[in-house]
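Beneath this line is the structure, given in structure tokens, with notes to follow.
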Amino acid sequence: MSMDTPANKEFVKKYKAKYGQDRVTDDPIEANYFGVHLWAKAVEKAGTADVTKVRKAIRGLTFNAPEGLVTIDPTNNHTWKIVQVGKVRFGWTV
């Protein structure tokens, strides 16, 4: 949610508009977002929603996600993405 990119700021803005201003985004939410987009690109490339054909078609595809460029490895279908390390700051005392 705190990534300082124009695409991420727009993603967070739209997410909050749809789900509430008090809601936060995180890596799994963004991963689902770009995952659906990559799946759609693969279906379009394959010309079908057949799972076997889509799995082949998705290899090497990229998507400009809110975090930056995400790529599906052409050999094993693993996702290549930016690694983010965060720091949690607690605003209360115990």
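The values are calculated or read from the model by the stated rules, or taken from the named source; none is laboratory data. Since the structure is predicted, the reported quantities are computational estimates derived from the model, not experimental observations. Don't worry about glycine lacking a Cβ; one is built from the backbone with ideal geometry, like all the others, and counts go over all protein chains shown. Side chains included, ligands, DNA and RNA excluded: accessible areas come from the protein's heavy atoms. Shrake-Rupley method; radii C 1.70, N 1.55, O 1.52, S 1.80 Å.
Check cross-link reach from residue 81 to the aspartates and glutamates: straight Cα distance under 20 Å, and skip same-chain residues fewer than eight apart.
4, 10, 26, 27, 30, 67, 73
What angle, in degrees between 0 and 90 and rounded to the nearest 10, separates the Cα long axis of helix 27-46 from the longest principal axis of the Cα atoms of the chain?
So the helix axis and the longest Cα principal axis differ by about 20 degrees.
Fully extended, how many nm does the chain gain between residue 21 and residue 51 (0.36 nm per residue separation, minus their Cα-Cα distance)?
Gain on stretching residue 21 to residue 51: 7.1 nm.
Of the accessible area of region 23-81, with the probe set at 1.4 angstrom, what percent is carbon plus sulfur?
Its accessible area is 57 percent carbon and sulfur atoms.
As a test of the formula, what do you get for the chain when each DSSP H run with n ≥ 4 contributes -39,500 (n - 2.57) and the sum is divided by the residue count, at 222 nm and rounded to the nearest 500 deg cm²/dmol?
-14000 deg cm²/dmol
Write down, largest first, the equivalent ellipsoid semi-axes of the chain in whole Å, where each equals the square root of 5 times an eigenvalue of the alpha-carbon gyration tensor.
Result for the chain: semi-axes of 31, 15, 11 Å.
With a 1.4 Å probe and all protein chains left in place, how much accessible area per residue does the chain have, in Å²?
With the other protein chains kept in place, the chain gives 77 Å² per residue.
Using 0.36 nm per residue, how much length does the chain from residue 80 to residue 2 gain when fully extended, once their Cα-Cα distance is taken away?
Between residue 80 and residue 2, full extension yields an extra 26.1 nm.
Projected onto the charge dipole of region 19-70 (+1 at Lys/Arg Cβ, -1 at Asp/Glu Cβ, origin at the Cα centre), which of 32, 62, 21 gives the Cα projection farthest towards the positive end?
62
Non-local amide H neighbours of residue 61 (under 5 Å, H modeled in plane, Pro and chain starts lacking H): which ones?
So residue 61 has HN proximity to 72.
About the Cα centre of the chain, what is the dipole size in debye to 20, counting +1 per Lys and Arg Cβ and -1 per Asp and Glu Cβ, all else neutral? Please list the in-between numbers first.
Working: 15 positive and 10 negative charges, 26 e Å.
With Lys and Arg at +1 and Asp and Glu at -1, about 120 debye.
Putting +1 on Lys and Arg Cβ atoms and -1 on Asp and Glu Cβ atoms, find which of 80, 52, 2 reaches farthest to the positive end of the dipole of the chain.
It is 52, whose Cα lies furthest towards the positive end.
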